[in-house]
1. What FRET efficiency would be calculated for the residue pair Gln230, Ile350, taking the C-beta separation as r and a Förster radius of 56 Å, to the nearest 0.05?
2. Need one number: % antiparallel among DSSP beta bridges in the range 376-517, to the nearest 5.
3. Where the centre of each part is set by its Cα atoms, how far does the range 423-445 sit from the range 465-543, in angstrom?
4. In a shell of Cβ-Cβ distance under 13 Å around Thr612, excluding Thr612 itself, what net charge do Lys and Arg (+1) and Asp and Glu (-1) give?
5. Under 17 Å from a point 7 Å along the Cα-to-Cβ line of Ala418: which residues of the range 381-409 have their amide N that close?
6. Label Asn145 and Leu480 with points 7 Å out from Cα along Cα→Cβ: what is the distance between them in nm?
7. Please report the net charge: other residues with Cβ closer than 15 Å to the Cβ of Tyr277, K and R +1, D and E -1.
8. Restrict the search to the range 383-452; then list the GluC sites (Glu not before Pro) that DSSP places in a loop and that have at most 11 other Cβ atoms within 10 Å of their Cβ.
Amino acid sequence: MKYKLSLVTLALAACSTNAFAFDFGVTSANVKQGTSTKWACKKCGSSQNLVGQAGVDAGVMDSDDDYAANNLKYTDGFAAGLNADVIYNKNGYRSELTADDLGSEQGRASIKSGQVGVWNVKASYDEKTLYDADNAESVWLADGNELVEQSQIMLQQLKQQRRKSAIEAKLNFGSVSFANMATYVRFSNEDKTGKRASSMSNGGIKAINIAAPVDTQTQNMTAGVSFSGQNWLTELSYKGSWFENNVESLAFNTLDYPISSQAPENNSQFVSLAGRYSLNKTHFSGRVVQGSMTQDADFVTLNGVTSGQTNADTQVDTLDANVKVTSMIMRGLRLKASVDYSDRDNKTDINEYEQYSYDELNGQFESNEALDTTRTAYKVSGSYSIAKGQRIDAGYDRIETERSDQDREETDDNIFWAQWRVTAIDKWDIRLKGLYSDRGGSEFLYEEMEQNNENVLMRKYYLADKLSNRAELYVTHAPLDNLSISFRGYYGLDDYTNTEIGLVESKDYGYDLGLSWQAFADLSLNLDGGYQWIDSEQASAQSGSVDMWQADTEDQFGFAGIGFNYTGLSEQGINISADYSYAISMSDSYSNGYNIMGDYESTTHNVTVQATYAMTEKTTVGIKYQYENYQDSDDTQLPSSYYPRTGPTGLTTLGVLDHDYKAHLILATLQYHF
């Protein structure tokens with residue numbers, strides 16, 4: 001975008017571009033003020049050996065629901081965290097120390113050291129705790145792989161804690177024979193523990209919701225070597241991942257329920273070769289990745305398994321490749337073309353397994369199916385400057401997908417898109433985007449559908465014929481030297497044209513607004529807000545092709561925020577800022593006009609007030625207050641004990657896990673600048 005007035009206008013316009021489509025969470029609105037400590041150029045030289053800042057936050061959190069820690073980062077009681085961004089340079093060597101709320105429920109830290117441009121070693125630690133509910137009710141308490149029945153209902157906390165540590169090293173050999181050579185290696189270990197909501201069934205109409213234990217470990221390793229010249233680069237790399245689960249299965253100690261298998265241990269290995277080459281104004285790049293994913297955990301039970309089998313011997317081999325060409329054909333005209341290929345070859349052993357004797361399933365043995373998928377995407381696009389301050393981008397994508405042993409073996413997606421951008425109008429930046437796509441493919445395999453006990457009129461949404469339309473308008477405008485406004489509106493429609501049973505139509509539309517105003521030399525204000533609607537229609541039949549019913553789902557998400565920053569007391573070393581944000585999320589489902597599923601709604605109010613005082617040139621103290629008021633309600637949740645006919649027959653729940661709390665966090669801050 002172009003501005004001809006002042007740097008203030010540029011800064012305001014940059015702030016106003018932070019408007020995005022609303023997320024499924026109700027706390028997506030983020031109007032937190034930026035801090036000048038994050039603006040520093042870490043690559044710029046300094047006469048000092050030690051630069052940056054380090055600080056500590058300490059205070060108290062008041063909340064009766066640990067769910068508040070997902071946003072405020074602390075649970076009820078004493079709260080303290082370390083923050084740092086420090087760089088040390090001396091004689092060509094460089095060390096970096098970073099910390100972000102280390103000691104909180106979402107803290108991380110890293111340390112990096114090495115010789116600039118030659119080698120470096122980095123170690124990092126990241127800890128995240130996700131709270132779901134602290135009032136889950138159940139008589140079943142996990143002990144290893146067993147769920148032990150208690151004499152009374154026990155309150156259990158549903159939370160998962162992830163601890164991730166990593167170490168990595170990079171080495172640049174410099175010029176070796178014909179090219180520059182560099183190599184790297186990285187290893188990480190992630191432990192996840194806690195409890196999550198899950199369920200187990202007797203294979204019939206009875207089911208029990210449980211607080212399932214979580215105890216997993218994931219290790220990842222990447223390594224590679226690269227060679228580069230003046231206009232080319234090539235890299236050979238390896239990536240491996242190993243997953244272990246210490247809770248392989250779950251079983252009730254007093255109920256005759258089938259043993260429930262948990263996530264099985266697995267691993268994956270990938271080797272890739274990538275490269276790029278530049279020839280004048282034309283650039284070529286490509287990558288080939290060969291891999292294998294395996295799962296060799298033993299069956300948790302041999303019931304229903306044919307004699308001689310102890311595990312499924314699951315294996316999927318993968319092959320991915322892409323090539324891309326970009327060229328500046330003439331002044332103002334750039335063309336791009338690419339081909340992406342992906343193949344999933346399922347080499348899992350084919351065996352027979354017993355089915356449940358329920359509904360239309362007959363209890364006989366049936367073979368598993370090894371599903372293969374091959375996908376090829378062809379893309380061409382161009383960008384042309386039709387005049388100064390006006391540019392048109394347009395492209396065409398075709399995606400061909402082949403699937404084995406499914407209702408439809410082939411699907412073809414054709415996608416056309418274009419964008420027109422205008423910056424020639426003084427103080428305006430306008431972007432208009434559009435997209436049209438259609439999906440077709442081969443005939444549906446009705447015999448396969450009947451064998452799988454499916455209605456031949458049913459269309460799975462990812463296989464069905466579909467027409468899609470998208471439109472988006474994005475505008476930023478600076479009518480005054482100290483004022484910037486932004487608007488984004490969008491609309492999308494997916495029409496499943498030949499579907500009689502299944503997802504028929506889906507709409508996604510909404511808007512985002514933003515405003516930044518430098519009201520006075522020492523006072524800046526910002527406002528933003530938006531709303532999103534997602535509507536879906538689904539049709540089905542209860543028996544054959546008659547007695548049709550229609551289901552509608554309506555989701556809505558909205559947010560609004562306002563904030564200010566006051567620097568009028570900066571000569572006294574005082575800075576004051578405050579932010580408020582509000583978010584709402586709603587979901588309703590209707591069947592033939594009746595809201596039989598009930599409503600879901602959640603709202604949140606967030607307030608942040610912060611004041612800092614520069615005691616000396618290098619020391620800053622401050623106080624920070626955060627408030628969160630959060631409520632959610634889900635009509636589909638039921639108490640652990642409910643009257644007959646007020647809920648599903650045979651279901652035992654964990655109780656009503658709604659949230660309704662007010663949380664207060666007060667922190668005293670101390671920061672030292674080097």
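The values are calculated or read from the model by the stated rules, or taken from the named source; none is laboratory data. This one's a predicted model, so the numbers in the text were calculated from it and none came from an experiment. Reconstructed Cβ throughout: ideal geometry from the backbone, glycine too, with neighbour counts over all protein chains shown. Surface accessibility is based on the protein's heavy atoms, side chains included, excluding ligands, DNA and RNA. Shrake-Rupley method; radii C 1.70, N 1.55, O 1.52, S 1.80 Å.
1. Numbers: r = 53 Å, r/R0 = 0.95.
E(calc), rounded to 0.05, equals 0.60.
2. Working: 73 of 75 bridges.
Beta bridges within the range 376-517, antiparallel portion: roughly 95 percent.
3. Distance between centres, Cα-based: 14 Å.
4. Details: positive: Lys624; negative: Asp57.
Cβ neighbours under 13 Å give a net charge of 0.
5. Only 381-387, 390-397 fall inside the zone, counting backbone N under 17 Å.
6. Result: 7.1 nm between the two label points.
7. Details: positive: Arg276, Lys281, Arg287, Lys324; negative: Glu235.
Combined, the nearby Lys, Arg, Asp and Glu give +3.
8. Details: sites: Glu400, Glu402, Glu409, Glu410, Glu443, Glu447, Glu448, Glu450; in loops: Glu409, Glu443.
Hits after loop and neighbour filter: Glu443.
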